[in-house]
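A.B. asks: Dropping the structure in here first, questions after.
The values are calculated or read from the model by the stated rules, or taken from the named source; none is laboratory data. Just so you know, these numbers come straight off a predicted model, no measurement behind them. Cβ coordinates were reconstructed from backbone atoms using ideal geometry, including for glycine residues, and neighbour counts include every protein chain displayed. Accessible surface areas use protein heavy atoms only, side chains included; no ligands, DNA or RNA. Shrake-Rupley method; radii C 1.70, N 1.55, O 1.52, S 1.80 Å.
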Amino acid sequence: MIVSPGRGRYDRPYATEEGGGRSMGGVWNGPASRERDDLGAPGAGTRQNLREQVAQALRDALVAGEMRPGVVYSAPALAARFGVSATPVREAMLDLAKEGLFEALRNKGFRVAEVSERDLDEIIEIRRLIEVPTVARLAGESLSERAETLRPIAEEIVSAAGRGDLLAYVAADQRFHLSLLALSGNARLVETVRDLRARARLYGLRGLPDARMLASSAREHLDLLDAVVRGDAEAAERLMNHHLQHVRAIWSADPPPA
């Protein structure tokens, strides 16, 4: 049975000697602090499906901060934890390396990529250049009926925040923003933002132990959607810009001034 590798906090388990591997200790006591055992049995599908399941479990561990930047992890050791062969784990980690989440080290394993404060500033700058004018334009294009279909996702974000479920929050947040941008009809734009989000989210969302911050960020999705639905381009632009500033603050305990 494949599960998210942590089942609690990674205290550098499954790391190579270079990564300082030692036994798991303590529990992750962030907003979610829950076990994950929902990825299905490895024999249930093809190797490609298994590869995708492992990749998603690793993404979840990165989002939750259970796998740490700079630490080297062994594919065979992770495979033993998953109860599968090393091949789909190695393939999944290579896929994530292409997304910028891991760095492949010859004969050593895979190191979780490190993201600097400058990296995060640059990611937010690019997202602001793309998403703020795009969302403002969508608000002015009479897309209220199509935009309204995204309300269940926005409400799912709020619900996940209320439960303190970080992984569900991040998954719904991604679906909301990418679905909203998809209304533009520009697939390349959506893929660009998807890549930027992937490169930033491994940062572990360390600013979210406070449930109030999570709830505040969640509510912003409904406010943004309301602005788009009523065709208020000025409000949509302002709200999208504020939301990205809020996201940057969540990423770091010492964010840049707004």
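A.B. asks: Within the range 72-89, is even one residue farther than 30 Å from Ala235 by Cβ, in contact (Cβ under 8 Å) with a residue 12 or more places away in the chain and within 15 Å of the chain's Cα centre (by Cα)?
C.D. replies: Checking the range 72-89: not a single residue is farther than 30 Å from Ala235 by Cβ, in contact (Cβ under 8 Å) with a residue 12 or more places away in the chain and within 15 Å of the chain's Cα centre (by Cα).
A.B. asks: Would you mind finding the one in Leu196, Leu202, Leu208 that is over 12 Å from Val63 (Cα atoms), under 17 Å from the mean Cα position of the chain (by Cα) and modelled with pLDDT under 90?
C.D. replies: On the way: Leu202 fails: over 12 Å from Val63 (Cα atoms); Leu208 fails: over 12 Å from Val63 (Cα atoms).
After applying the criteria, what remains is Leu196.
A.B. asks: For the range 129-140, enumerate the residues that are open to solvent by 80 Å² or more (accessible area, probe 1.4 Å) and either in contact (Cβ under 8 Å) with a residue 60 or more places away in the chain or aromatic (Phe, Trp, Tyr) (or both).
C.D. replies: Going through the range 129-140, the residues open to solvent by 80 Å² or more (accessible area, probe 1.4 Å) turn out to be 129, 137.
Matches in the range 129-140: Arg137 only.
A.B. asks: Looking at (1) closer than 23 Å to Ala200 by Cα; (2) in contact with a strand residue (DSSP E or B) (Cβ under 9 Å, 6 or more places away or on another chain); (3) open to solvent by 10 Å² or more (accessible area, probe 1.4 Å), which is the only condition Ala77 fails?
C.D. replies: Going through (1) closer than 23 Å to Ala200 by Cα; (2) in contact with a strand residue (DSSP E or B) (Cβ under 9 Å, 6 or more places away or on another chain); (3) open to solvent by 10 Å² or more (accessible area, probe 1.4 Å) one by one, Ala77 breaks only (1).
A.B. asks: When you check Ser85 against the structure, is it within 22 Å of Met213 (Cα to Cα) and among the hydroxyl-bearing types (Ser, Thr, Tyr), yes or no?
C.D. replies: Working: within 22 Å of Met213 (Cα to Cα): no; among the hydroxyl-bearing types (Ser, Thr, Tyr): yes.
It is false that Ser85 is within 22 Å of Met213 (Cα to Cα) and among the hydroxyl-bearing types (Ser, Thr, Tyr).
A.B. asks: Then there's this: Filter the range 97-125 down to the residues that are under 21 Å from His177 (Cα atoms), open to solvent by less than 70 Å² (accessible area, probe 1.4 Å) and either part of a strand (DSSP E or B) or at pLDDT 90 or above (or both) and list them by number.
C.D. replies: Asp121, Ile123, Ile124
A.B. asks: Could you tell me whether any residue of the range 81-90 is farther than 22 Å from Leu225 by Cβ, among the β-branched types (Val, Ile, Thr) and not in a helix (DSSP H, G or I)? Give the steps one after another, and end with the answer.
C.D. replies: First pass over the range 81-90, keeping only residues farther than 22 Å from Leu225 by Cβ: 81-90.
Still in the list and also among the β-branched types (Val, Ile, Thr): 84, 87, 89.
With the extra rule that they be not in a helix (DSSP H, G or I), the set shrinks to 84.
Yes, that holds for at least one residue.
A.B. asks: Could you tell me which of the residues Arg118, Arg51 is of a type in the set (Lys, Arg) and in contact (Cβ under 8 Å) with a residue 24 or more places away in the chain? Steps first, answer last, please.
C.D. replies: Values: Arg118 fails: in contact (Cβ under 8 Å) with a residue 24 or more places away in the chain.
One residue alone meets the criteria, Arg51.
A.B. asks: Limited to the range 164-192, what total is found for residues that are at pLDDT 90 or above, crowded, with 19+ Cβ neighbours inside 10 Å and among the aliphatic types (A, V, I, L, M)?
C.D. replies: Here is the first cut: in the range 164-192, the residues at pLDDT 90 or above are 172-192.
Remaining after also requiring crowded, with 19+ Cβ neighbours inside 10 Å: 172-173, 176-177, 180-181, 183, 190.
Among the residues that remain, those that are also among the aliphatic types (A, V, I, L, M) are: 172, 180-181, 183, 190.
Looking only at that region, the number is 5.
A.B. asks: Report, by residue number, each residue of the range 227-238 that is assigned to a helix (DSSP H, G or I) and open to solvent by less than 50 Å² (accessible area, probe 1.4 Å). Before the answer, list the steps.
C.D. replies: From the range 227-238, those assigned to a helix (DSSP H, G or I) are 227-229, 233-238; that's our starting set.
Matches in the range 227-238: Ala227, Val228, Val229, Ala233, Ala235, Ala236.
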